[in-house]
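First comes the structure, then the notes that go with it.
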Amino acid sequence: MNDALHYVIRFLFEIASFLFVARFLLQACRADFYNPISQGITKVTDPVLKPLRAMLPGYKNLDIAAFVAAWLTAMLMLFTLTLIANAYTGSIVALIGQGLLHVLLLLLSVFKWSILIVIVVSFIAPGNYHPALMLLQQITEPLLAPARRLIPALGGIDFSPILIFLVIGIIERLLPTLFQAVL
């Protein structure tokens, strides 16, 4: 029973964290606000973010309230899961750090999967328009554009995602070590 409860709680909190991270990325990457998927994410996250924005205004194109909401959601998930497992140590600093690490790793995961989906779809159905695909392309373009300047296309094939995957993989491996050293 405990395992099923753990799974359900983690699933629900992960979806909430993902939605807040998606909202943060959509604004940070200046994705199309009128895309139906953007509209849906905005509609779902606005009840939490509108009051939070009164205390945490955005900075340039960064939605600080969405990032903090994702962070708080991750912290609440970790706290709830440790309570269920009877493993709570009482360290609020560790909980804050683990929540931040969780959100940063989720951001990296979203970038990694978005790039992978864009690559696969470009081979399967090149030039196809779909609102989800357009959003993914808009989210990945701020990462891929600088990489394209470093690695030009060879024979019409874009190798810049390989560089981005390498950098994301390094960051994913260094972040937990860095957080463990700090905490």
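The values are calculated or read from the model by the stated rules, or taken from the named source; none is laboratory data. Bear in mind that the values here come from a model prediction, so they are computed numbers and not experimental data. Here Cβ is always computed from backbone atoms with ideal geometry, including for glycine, and neighbour counts include all displayed protein chains.
Data for the structure
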| item | result |
| --- | --- |
| Test for residue 83: is it surrounded by 14 or more Cβ atoms within 10 Å (Cβ to Cβ), out of contact with any strand residue (DSSP E or B) (no Cβ under 8 Å at 6 or more places or on another chain) and assigned to a helix (DSSP H, G or I) | no |
| Region 89-133: number of residues that are buried (at least 16 other Cβ atoms within 10 Å of the Cβ) and more than 28 Å from residue 74 (Cβ to Cβ) | 1 |
| Count of residues meeting criterion [in a loop (DSSP other than H, G, I, E, B), among the small types (Gly, Ala, Ser) and crowded, with 18+ Cβ neighbours inside 10 Å] in region 13-66 | 1 |
| Residue selected from region 152-161 under the condition under 23 Å from residue 113 (Cβ atoms) and exposed (fewer than 13 other Cβ atoms within 10 Å of the Cβ), by the criterion modelled with the lowest pLDDT | 153 |
